Amino acid sequence: MTLEALVFDVDGTLADTERDGHRVAFNAAFAEAGLDWHWDEPLYSKLLSVAGGVERMVYYARQRGWAAPDGEMLARLKSIHRAKTAHYVRHVASGGIALRPGIARLLGEARAAGLRLAIATTTTRENVHALLEATLGASSIGWFASIGTAAEVPLKKPDPAVYQWVLTELGLPATRAIAFEDTRNGLLAATGAGLRCIVTPTSCSIEEDFTGAATTLVDLDHHPTRTGDVVTLDDVRGWAVAPD
């Protein structure tokens, strides 16, 4: 099997955006909307089991006993989410979020080797572009042969739809690509599309079950068995091959 593409999740995988990025932006939007909601780190880690920002707010609103009609509730929360996105984009643009260790290096290795890059996320395209531009430069958006977001696929992870969409865009079978994720929902989405998956958990997801991953790493700068060594493209090629 020849590996032809690397497919990356965004939030938590390219950068640890959740705790000090999205969470902070949610809280700013809540305050701006006059809500008494505040998501601290332990609560937010639990809420991340609900995929999608609007869906997460709907879930929390129901936990708080909101009695507003569904349509009215959804309209208000969508408005708050738009404000949250604006807060997040400004935070990222100011340099508030860094890529996780080894990401920029591995992207460079893959490009030099002629592999294609892709993104499979269910966040907004605006969030993806903001992160790429702030961390890798405006031209980096063109590095990715396919960028699947919530605009292309409304179904959230663990549904495999966004990975299936990206593979179709790439014109590749799942056996010729490998995914990078940081959560169990992401792992299930990738493997549900037939992809092998490398998992790099964050502090928000470290306690989750990653059974079925090709490997689980601290990050791409820490090889799991070679002390002091980084994860290379050759390592990734090895994990892309299913064991007999």
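The values are calculated or read from the model by the stated rules, or taken from the named source; none is laboratory data. This structure is a prediction, so every number in the text was calculated from the model and none was measured. Positions of Cβ are generated from backbone atoms using ideal geometry, with glycine treated the same way; all protein chains shown enter the neighbour counts.
Side notes on the structure shown:
- Residue in segment 164-181 that is closer than 24 Å to L43 by Cα and either surrounded by 15 or more Cβ atoms within 10 Å (Cβ to Cβ) or in contact with a Phe, Trp or Tyr (Cβ under 7 Å, 6 or more places away or on another chain) (or both) present: yes
- Just one of (1) in a loop (DSSP other than H, G, I, E, B); (2) more than 23 Å from T232 (Cα to Cα); (3) modelled with pLDDT of 95 or more fails for G114. It is (2).
- Selection of segment 192-207 for residues being modelled with pLDDT under 95 and in contact with a Leu (Cβ under 9 Å, 6 or more places away or on another chain) yields C204, S205.
- A count restricted to segment 17-59 and to residues that are in contact (Cβ under 8 Å) with a residue 12 or more places away in the chain, of a type in the set (D, E, K, R) and over 16 Å from N185 (Cα atoms) stands at 5.
- Whenever a residue of segment 119-130 is closer than 21 Å to V50 by Cβ and in contact (Cβ under 8 Å) with a residue 24 or more places away in the chain, its partners that are of a type in the set (K, R) and buried (at least 23 other Cβ atoms within 10 Å of the Cβ), lying with C-beta atoms within less than 8 angstrom and at least six residues away or across chains, give the pairs T122/K157.
- Residues being surrounded by 15 or more Cβ atoms within 10 Å (Cβ to Cβ) and not in a loop (DSSP other than H, G, I, E, B) - total across segment 202-244: 7
- Total residues in segment 117-174, condition part of a helix (DSSP H, G or I), closer than 24 Å to G96 by Cα and of a type in the set (S, T, N, Q): 4
- Flag for V10 being of a type in the set (V, I, T), free of Cβ contacts under 8 Å to residues at least 12 places away in the same chain, touching a helix residue (DSSP H, G or I) at 6+ places or on another chain (Cβ under 6 Å) and within 27 Å of I206 (Cα to Cα): no
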